[in-house]
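Here is the structure we will look at, set down as structure tokens.
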Amino acid sequence: MLVEQEVSELAKGIGTGGVSPTFELPLELVDRYGSQTTGYFARIRDGSGRILFSNCTEQCTEQFLPADLKTPDFWLRIIEPGKPLTLAGGETVEIAHQPFILEIATIGDPDKRVNAVLWNEVTDHMIVPMGILVVFVLGATLLSITTALRPVRRAAREAAAIDAADPQSRLDTIGMPLEVAQLAGAMNEAFDRVRHLMQAQKLLTSAIAHEVRTPLAIIKLELERIVHPRARKAEKDLDDLVQFVQQLSALGNLDGVDRKQFQSTNINKLAEGLIESLAPWVYQTYHSIAFEESGQLIVPAIGSLIRDALRNLIENAVKHTQAGTLITVRVGEDSTVGVYDNAGPPRWPETPVERDDGNMRGIGLEIIDRIATIHGSAFRFEKTRNGSNAVISFPMHGGRSID
């Protein structure tokens, strides 16, 4: 390798542009081959045997091949084995279609050229090829990983959008690798168990409500026969209990809502029709009710559920505020519908429960919150200095507000 590298560098000084070939020692080689005392020797001949350059001594000439001998394309002779290197060698190169014989010899390799040779070998045959190989390997690995994880990302998106209440909502395992498909299958089984649990809970809640409703009706009939103030109080408490059972049954039924029932619903018309049906009862309780709208709100919804939510809010506002209170149902241009009253802090019939979010909610508000969640909306209930606000906010992309 040392011979090949030195020959390659010396060949740079050969000129073929004139009448006959010439040689000029490259500047970077002057320190090595510019004298006969550096420990490096060179002899350069053209194809006819004419010497173009030589710094050889008699000792060096003895190591080179005879000038009248047909020189092989490459030759190497180890003068003294081991290190430091002491050797001679040569190579025939072709420049501008002319052959040139370049021979070099080193006695002890004073400049440690062998280290440069080793470094060049490492660079040319290891660092550069391995670097290119690493780039291709990393690229292929990243592409392979990305391709392999694409079904996982698709399954993650489907899992995020899955509806536990919809029996048809499942992870599609078609086209997935076996390992990912097994994971998706296990998740489908888990969703099935959740659905079965929800169905069992719904059946249990409905059964309890059904079984309790009849005894409560019988008890109320018996109380109506008793003429006593305590019987009237018991009737009122019994009415509250009946309402609680009805709400408990309604809450259980919400878990089985079919998303296919969603239709484009005009909330303005729905609220206006509800107010018309409840207005006589509201006025009988010495309250007043009004409807305000700042735009048309049309959203995909189950109209009966939204109607039940608004009716619940209006009835609670009427029953638990003082006479003369104004109840306002307002459809806002910000995709909201709400019930507002101006009678001071509300007194909801349910026993308030402190939630993690700090809101005071009973089962009635829980029903409304569940209805809002089913519609991808948010329900907000807040007390104000003058009354209370109960607002359902539909997602802006799910509806449109037209002035």
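Read the figures in this text as sums done on the coordinates, not as results from a lab. Predicted, not measured: the structure shown is a model, and the values here were computed from it. Cβ: placed from backbone, ideal geometry, glycine included. Neighbour counts: every protein chain shown.
What are the ³J(HN,Hα) values, in whole Hz, obtained from phi via the Karplus relation 6.51 cos²θ - 1.76 cosθ + 1.60 with θ = phi - 60°, for each residue of segment 192-206 in sequence order, with x given for Gly and Pro?
Running phi through 6.51 cos²θ - 1.76 cosθ + 1.60 with θ = phi - 60° gives 4, 5, 5, 5, 4, 5, 5, 5, 5, 5, 5, 4, 5, 5, 5 Hz.
Near Glu80, within a Cβ-to-Cβ distance under 15 Å, what is the net charge of the other residues, with Lys and Arg +1 and Asp and Glu -1?
Summing Lys and Arg as +1 and Asp and Glu as -1 gives 0.
For Leu238 and Ala290 in one chain, what is 0.36 nm times their gap in residues minus the Cα-Cα distance, to one decimal in nm?
That works out to 15.6 nm of additional length.
Arranged from highest to lowest average of other beta-carbon atoms within 10 Å per residue, in what order do the peptides 150-159, 74-83 appear?
150-159, 74-83
Per residue, how big is the convex hull around the C-alpha atoms of segment 1-135? Give it to me in cubic angstrom, could you?
136
How much length would be gained if the chain were fully extended between His97 and Thr22, taking 0.36 nm per residue of separation minus their Cα-Cα distance, in nm to one decimal?
Full extension of this stretch gives 25.5 nm more.
Could you work out how much longer the chain between Ala200 and Glu179 gets when fully extended? Use 0.36 nm per residue separation minus the Cα distance between them, nm to one decimal.
Difference between extended and current length: 4.4 nm.
In Å and whole numbers, how far do the C-alpha atoms of segment 30-106 stretch along each principal axis, longest first?
37, 25, 20 Å, listed from the longest principal axis down.
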